Amino acid sequence: MKKKNTVFFKMILLMMITICWWKSVVISNASEKIGTVTLSIEKFTIGQGYLIEPTQVVLHEGDTCANLVKDILKNNNYEIEAPTTSNGWYLSGIKNADNGKTKIPDVIKNMDTQVNGEDIIYPPDDTAKNVAYPDLSEFSYHRNAGWMYSVNGEFPNVGMAAWIPKDGDVIRVQFTVYGLGADLGSQYKDGGVRALNIANKEKLTKKVAQFNEQKGKWLNIYSASDRYNYAMEVLEKLDSKQWKVDDALEQLEQIMNKNNLTIAQIEEINKVKQKINAIGIVDLSKESQIAEARKSYNALTSEQKELISADTLKVLTDAEKKIVSLKAEKKTQDEAKKKAEEAKKKAAKKKAQQEALKKKYTPSKTSIKSIKKLKKNQAKITWKKVKNATGYEVYQSMKKNSGYKKVKTITKNKTVTYKAGKLKKKKTYYFKIRTYRKAGGTTYYGNYSNVKKMKVK
């Protein structure tokens, strides 16, 4: 009897060990990480953007869409309404999910209002809203309204509890306000309303979730904030064009594909961009500043340089070209100034030389000694001889202070007389003499002599 009890005890012990092992395997498998999925909660059809922005969620063995959605809503302090039906668990409502700033997109307002000749309720049908604000639930705003989910752009025909996600899936829980998902691009058999042509946003949604996971890092990149905001704007606009979605994706990828860069390396990029953008209006005083910006840019790695936009780099290269141009312009101006100064000095020197020569060779002033009347209306003018004069010029006028004309040039120093003829009777004539001297091909003139007059009788 004792032997039998021992065997029985051993069998019970073995069973307990087996059960414990099996439980540990189940628990271990349930907690084993098998990948990540992207998850978002969206209210685009009522113009309220995201309830929960795209998020990277850890996927464990045995997870369903239902428990992933419940967890993310719970972690964001949202209570849910989720009854169980023959099709399994489904999300019928989220408490406090409506912010009260509803704006139905025009693209929904312009959807079909008649199917098979029968009028249907035009969205939104406020009378159909049977859930008090701020809850967002089925039948809110319209009799066709409610929460739906898509996986990788497709709307499964089973409940969330029955769908097992895979690593890399993009799960989007979306509020449909009209057409049983037709406003989301889904066409249910009994929906009746022709589905909208909605752009594929799965890749961009996933990329934004990856951005959000390291938001602190990416926002350190200059202009990343603008690109991120642009991506969110494109995502939240229900009817964004596909080319815009693709463009927003490309802009984020340009930054995020460099995910091997450290925060310090990103900060170096920002410093370089700040140095370039601080250049401002280019003048020669900015030469060292521009050189420093170039030095900092050249110190970046090739991967870092790829995050400097072409427009930003153009600011630097244009500034460098401007400096070269300004330096060339200054050189030309300096050379012109130097030439002008040299010419001025040369002119001054020449003038000084001319003044010296003039002082040296200008003959002394002569003076008229006498005017004597001769026969036949003539007059003889006599002046004082000047030793350093080459000759003399005789001027005549009928007015004392103006109208003088040169009437004779005397080319010999010794000749100090001149006979003026053809003088008219009863007229008064005025005479003056100027000395001159020739030296080195230049004629130098002395001052005019005194004026003497003679009246012809």
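Figures for the structure shown
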| read-out | value |
| --- | --- |
| Residue within segment 194-201 that is touching a residue at least 24 places away in the same chain (Cβ under 8 Å) and over 27 Å from residue 73 (Cβ atoms) present | yes |
| Filtered residues of segment 163-187 (kept if surrounded by fewer than 17 Cβ atoms within 10 Å (Cβ to Cβ) and modelled with pLDDT under 90) | 187 |
| Within segment 331-359, tally of residues that are of a type outside the set (Gly, Ala, Ser), without any contact (Cβ under 8 Å) to a residue 40 or more places away in the chain and closer than 28 Å to residue 435 by Cα | 7 |
| Candidate set: segment 140-162, residues that are among the polar types (S, T, N, Q) and either open to solvent by less than 20 Å² (accessible area, probe 1.4 Å) or under 19 Å from residue 73 (Cα atoms) (or both); chosen: the one modelled with the lowest pLDDT | 140 |
| Residue 286 being open to solvent by 60 Å² or more (accessible area, probe 1.4 Å) and either among the polar types (S, T, N, Q) or part of a helix (DSSP H, G or I) (or both) | no |
| Segment 188-230 - residue that is β-branched (Val, Ile, Thr) and at pLDDT 90 or above and, of those, farthest from residue 278 (Cα to Cα) | 198 |
| Only listed residue being open to solvent by less than 70 Å² (accessible area, probe 1.4 Å) and either closer than 30 Å to residue 211 by Cβ or touching a Gly at 6+ places or on another chain (Cβ under 8 Å) (or both), chosen from 298, 270 | 270 |
| Residue check, residue 238 assigned to a helix (DSSP H, G or I) and open to solvent by less than 70 Å² (accessible area, probe 1.4 Å) | no |
| Selection from segment 230-245 of residues that are free of Cβ contacts under 8 Å to residues at least 40 places away in the same chain and either among the charged types (D, E, K, R) or closer than 21 Å to residue 299 by Cα (or both) | 233 |
| Failed condition for residue 244, given (1) open to solvent by less than 60 Å² (accessible area, probe 1.4 Å); (2) part of a helix (DSSP H, G or I); (3) farther than 22 Å from residue 151 by Cβ | (1) |
| Complete set of residues in segment 290-302 that are more than 13 Å from residue 272 (Cβ to Cβ) and at pLDDT below 95 | 302 |
| Residues located in segment 365-391, provided they are surrounded by fewer than 14 Cβ atoms within 10 Å (Cβ to Cβ) and over 18 Å from residue 431 (Cα atoms) | 375, 376, 387 |
| Segment 418-434 - residue that is under 14 Å from residue 407 (Cα atoms) and not aromatic (Phe, Trp, Tyr) and, of those, surrounded by the fewest Cβ atoms within 10 Å (Cβ to Cβ) | 422 |
| Boolean, residue 445 is under 18 Å from residue 365 (Cβ atoms), in a strand (DSSP E or B) and open to solvent by 50 Å² or more (accessible area, probe 1.4 Å) | yes |
| Residues that are at pLDDT below 95 and open to solvent by 40 Å² or more (accessible area, probe 1.4 Å), drawn from segment 37-57 | 47 |
| Cβ pairs under 6 Å, 6+ apart, first in segment 87-107 and among the basic types (Lys, Arg), second in a loop (DSSP other than H, G, I, E, B) and open to solvent by less than 40 Å² (accessible area, probe 1.4 Å) | 95/135 |
| Total residues in segment 193-218, condition in a helix (DSSP H, G or I) and either open to solvent by less than 20 Å² (accessible area, probe 1.4 Å) or among the charged types (D, E, K, R) (or both) | 13 |
| Pairs, first in contact (Cβ under 8 Å) with a residue 12 or more places away in the chain and within 15 Å of residue 285 (Cα to Cα) in segment 315-330, second open to solvent by less than 50 Å² (accessible area, probe 1.4 Å) and of a type in the set (Lys, Arg), C-beta under 8 Å, six or more apart | 319/286; 323/286 |
| Any pair with Cβ under 8 angstrom, 6 or more apart, that starts in segment 377-388 at a residue that is touching a residue at least 40 places away in the same chain (Cβ under 8 Å) and aromatic (Phe, Trp, Tyr) and ends at one that is open to solvent by 50 Å² or more (accessible area, probe 1.4 Å) and assigned to a strand (DSSP E or B) | 383/369; 383/417 |
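The values are calculated or read from the model by the stated rules, or taken from the named source; none is laboratory data. Nothing here was measured: the structure is a model prediction, and the numbers come from that model. Here the Cβ is made from the backbone with ideal geometry for all residues, glycine too, and neighbour counts use every protein chain on show. Areas reflect the complete protein model, heavy atoms only, side chains present, ligands, DNA and RNA absent. Shrake-Rupley method; radii C 1.70, N 1.55, O 1.52, S 1.80 Å.
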